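The values are calculated or read from the model by the stated rules, or taken from the named source; none is laboratory data. These figures come from a predicted structure and were not determined experimentally. No Cβ is skipped: glycine too gets one built from the backbone with ideal geometry, and neighbour counts run over all protein chains shown.
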Amino acid sequence: MLALMAILVATCLVYAWGYMISEGLGVAGVMRPSYWGIFLVNTVFWIGISHAGTFISAILRVFKAEFRRPFTRAAELMTTFGLIQAGASIFMHLGRVWLAYWLFPLPNERLLWPNFHSPLMWDLLAITTYVLGSTMYLFLPLIPDLAMARDRSTGWRKTFYKVLALGFRGTEGEWRHLTTAMNIFAFAIIPVMFSVHTIVSWDFAMAMRPGWSSSVFGPYFVLGALHSGMGAVAIVLFIMRATMKHMDYFIRKEHFDALGKLMLIVSMAYAYFFFNDYIVQWYGGDKATDDLLHWLEEGPMAWMFYQLIFFNIILPWLTLWNKKIRQTPWLLAIIGLLINVGMYWERYLIVPVMLTINRMPFTWKLYVPAIEIYLTIGTFATFTLFYMIASRLIPLIPVWEVQEGQMVHTLRKVGKTSVPTVSEFE
Amino acid sequence: MSDTTLLAVFEDIDPAADAIEKLHEMGVTDENINVISGVPVAHKMLGRPHPWTNVSRLAMGGAVAGFFFGLFLNFGTPYLYNVPVGGQYITPVPPGLIIVFEMTMLFALLSTFLGVFLDSFFPNYRPLEYVAEVSDGKIAVFFRCAEADQKKFTDALNKMGAESIKPAEAQQL
């Protein structure tokens with residue numbers, strides 16, 4: 001499997017991207033009127049996936065939701081690896097990637113200076129902040145587990161863990177500095193997470209274009225990101241549980257149950273914003289917007305529109321109220337997968353389709369992806385490959401956090417039954 | 001009289017907390033005690049003073065620096081590298097808020113991360129006093145005492161449920 005992923009990365013990402021760089025963006029399907037194709041669909045999609053890590057790790061940590069403990073790392077890895085794919089997709093979209101440094105505010109002899117009023121510049125800063133922040137937030141809680149691995153390994157692995165554990169011993173001071181930093185990160189990264197996808201939505205919403213110019217695009221995008229992220233977490237947890245030893249001890253059915261409830265709540269919130277966005281545009285009566293909605297509902301891409309409604313709203317509502325379904329890992333993973341299909345279609349409709357159906361009907365020409373399909377497969381393969389490599393090198397379960405959780409959990413007798421209780425640790 | 005550092009390993013928090021209390025009774029001050037554990041044990045549980053940390057101050061300092069850097073990027077540099085766009089302000093406030101926010105958060109997060117390194121003296125690859133059993137959930141208590149009192153302390157901590165007591169030696173982790 002590892003070899004297959006490596007081959008896919010080598011052919012679909014490295015070779016295809018190299019070919020596109022040597023031949024130019026002409027080998028891609030982007031052209032008038034849709035200059036933004038799948039590359040930006042992938043960017044929005046992967047940034048969405050990355051939101052799950054922060055949501056599960058930071059927000060649930062702030063609210064002291066105990067069920068988060070076993071799968072925070074899997075979700076945090078998803079954030080970092082997802083953001084790498086999002087960043088790579090932006091570079092693919094740039095075409096001439098070697099000029100990417102023009103985006104950075106570097107004083108140079110040509111007096112080329114980025115325009116900070118542009119949403120694309122906000123994107124650069126927000127994504128950079130989020131990539132660095134989430135990578136540091138992944139690394140900090142990893143240090144104690146790396147120290148534990150250092151104590152138990154030999155050979156090159158011992159050297160690897162020794163270097164990354166930085167000399168951590170677990171003294172009171174080290175724990176204090178670490179937990180203080182993790183608390184600061186948990187609080188600070190939440191607004192960063194919200195800002196990133198809000199700013200991504202502004203890339204679209206700031207333009208006076210049918211379908212894009214919407215004041216609810218920010219929260220709508222954030223909810224969509226959480227929706228796809230939660231679904232992706234369900235898939236990853238199912239795969240981890242099915243393929244790795246002793247994972248069923250750490251990732252239990254009650255964790256899937258809690259995740260399923262979260263997915264249902266996020267689906268409801270997503271439906272609320274989806275309808276908000278739709279009804280205002282439908283009611284407005286603007287000719288170009290009417291054309292766009294008509295195209296979405298009855299045009300050649302209508303199947304995407306209806307699948308997005310079914311997978312993102314109807315399917316979770318029909319299934320996730322049921323505890324048995326929520327507690328069946330493979331079912332939850334399939335629902336998560338279908339939610340992600342629906343979310344991908346949503347982004348596809350927003351980017352190339354809404355660019356196509358514009359105010360100049362003579363330019364309407366449906367976007368047909370070409371080399372982008374290989375590059376998309378490449379990003380998915382890279383994400384999977386990174387995950388597989390990580391699963392061999394670092395503990396995917398945050399061991400010390402689980403141990404800490406076991407310390408604070410007790411059973412308390414109430415009447416004729418025992419109920420689990422959690423004591424305040426701090 | 002020379003001092004020595006002893007290392008006592010305990011199975012759980014309760015005997016470790018009792019042992020620390022006993023060490024206090026026997027005249028060992030908190031400055032001469034250190035605890036190592038595989039999970040963060042709250043200082044109150046062990047009856048220890050609140051450990052000092054500069055991480056939050058460094059985070060705040062970073063946030064302030066980021067705030068001013070964001071202001072400089074958005075309201076300073078456009079005058080250094082002027083890009084006039086018809087009908088638009090050189091330094092509009094609403095987009096500036098976004099830049100200032102992102103830079104504030106970025107610098108706050110970076111300085112928090114660096115704060116952990118500075119406060120914990122990471123990376124540190126020199127030999128250190130350590131016992132690997134802490135990663136199995138055990139708790140190690142280090143304390144300094146007079147070499148002549150070593151037997152007295154060993155007997156006392158054995159009675160408190162210590163699994164092992166030995167002189168602490170720096171080792172390569």
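Observations, loosely collected:
- Yes/no for A:GLY53 being surrounded by 13 or more Cβ atoms within 10 Å (Cβ to Cβ), over 22 Å from the mean Cα position of the chain (by Cα) and not basic (Lys, Arg): no
- If you filter segment B:64-77 down to residues that are at the interface with chain A (Cβ under 7 Å from one of its Cβ atoms) and touching a residue at least 12 places away in the same chain (Cβ under 8 Å), you find that the one that is nearest to A:ARG176 (Cα to Cα) is B:LEU73.
- Residue check, A:GLY53 within 30 Å of B:PHE75 (Cβ to Cβ), assigned to a helix (DSSP H, G or I), out of contact with any strand residue (DSSP E or B) (no Cβ under 9 Å at 6 or more places or on another chain) and of a type outside the set (A, V, I, L, M): no
- Per-region count, segment B:130-143, residues more than 8 Å from every other protein chain (Cβ to nearest Cβ) and either buried (at least 17 other Cβ atoms within 10 Å of the Cβ) or at pLDDT 90 or above (or both): 8
- Considered as a group, the residues in segment A:321-351 that are of a type in the set (Phe, Trp, Tyr) and assigned to a helix (DSSP H, G or I) include one that is surrounded by the fewest Cβ atoms within 10 Å (Cβ to Cβ), and that residue is A:TRP330.
- All positions within segment A:174-192 that are facing chain B (nearest Cβ under 7 Å) and touching a Pro at 6+ places or on another chain (Cβ under 7 Å): A:TRP175, A:ARG176, A:THR179
- Here the condition is being under 16 Å from A:ILE49 (Cβ atoms) and either away from every other protein chain (no Cβ under 14 Å) or over 20 Å from the mean Cα position of the chain (by Cα) (or both); of A:THR363, A:THR356, A:THR417, A:THR376, it holds for A:THR376 alone.
- Candidates B:PRO95, B:PRO123 - the one that is within 7 Å of chain A (Cβ to nearest Cβ), in a loop (DSSP other than H, G, I, E, B) and at negative phi: B:PRO123
- Identity of the residue in segment A:80-136, among the polar types (S, T, N, Q) and in contact (Cβ under 8 Å) with a residue 12 or more places away in the chain, that ends up surrounded by the most Cβ atoms within 10 Å (Cβ to Cβ): A:SER134
- Condition met for A:TRP317 (part of a helix (DSSP H, G or I) and either farther than 30 Å from A:ASP257 by Cβ or not β-branched (Val, Ile, Thr) (or both)): yes
- The sole residue among B:VAL35, B:VAL9, B:VAL39, B:VAL85 that is within 12 Å of chain A (Cβ to nearest Cβ), in a strand (DSSP E or B) and of a type outside the set (Asp, Glu) is B:VAL35.
- Flag for B:PHE113 being under 24 Å from B:ARG57 (Cα atoms), more than 7 Å from every other protein chain (Cβ to nearest Cβ), within 31 Å of the chain's Cα centre (by Cα) and modelled with pLDDT of 95 or more: no
- Set B:GLY38, B:GLY66: member being surrounded by 22 or more Cβ atoms within 10 Å (Cβ to Cβ), under 18 Å from B:PHE142 (Cβ atoms) and touching a Ser or Thr at 6+ places or on another chain (Cβ under 6 Å): B:GLY38
- Residue within segment B:99-107 that is more than 7 Å from every other protein chain (Cβ to nearest Cβ) and within 15 Å of A:MET136 (Cα to Cα) present: yes
- Pair list, Cβ < 6 Å and 6+ apart or interchain, from segment A:38-64 residues that are at pLDDT 85 or above to residues that are in a helix (DSSP H, G or I) and of a type in the set (Phe, Trp, Tyr): A:VAL41/A:TYR348; A:PHE45/A:TYR344
- Test: residue in segment A:197-206 that is without any contact (Cβ under 8 Å) to a residue 60 or more places away in the chain, more than 7 Å from chain B (Cβ to nearest Cβ) and in a loop (DSSP other than H, G, I, E, B): no
- Failed item in (1) of a type outside the set (Gly, Ala, Ser); (2) modelled with pLDDT of 95 or more; (3) in contact with a helix residue (DSSP H, G or I) (Cβ under 7 Å, 6 or more places away or on another chain); (4) within 23 Å of A:ASN42 (Cβ to Cβ), with A:ILE334 passing the rest: (3)
- Flag not set for B:GLY47, criterion: closer than 30 Å to B:GLU133 by Cα, in contact (Cβ under 8 Å) with a residue 12 or more places away in the chain and at the interface with chain A (Cβ under 8 Å from one of its Cβ atoms).
- The set of residues in segment A:12-45 being hydroxyl-bearing (Ser, Thr, Tyr) and surrounded by fewer than 18 Cβ atoms within 10 Å (Cβ to Cβ) consists of A:TYR15, A:TYR19, A:SER22, A:TYR35.
- Scanning segment A:138-162 for residues that are more than 11 Å from chain B (Cβ to nearest Cβ), assigned to a helix (DSSP H, G or I) and surrounded by fewer than 16 Cβ atoms within 10 Å (Cβ to Cβ) returns A:GLY155, A:TRP156, A:ARG157.
- Of all residues in segment B:78-117, those being small (Gly, Ala, Ser) and touching a residue at least 24 places away in the same chain (Cβ under 8 Å) number 4.
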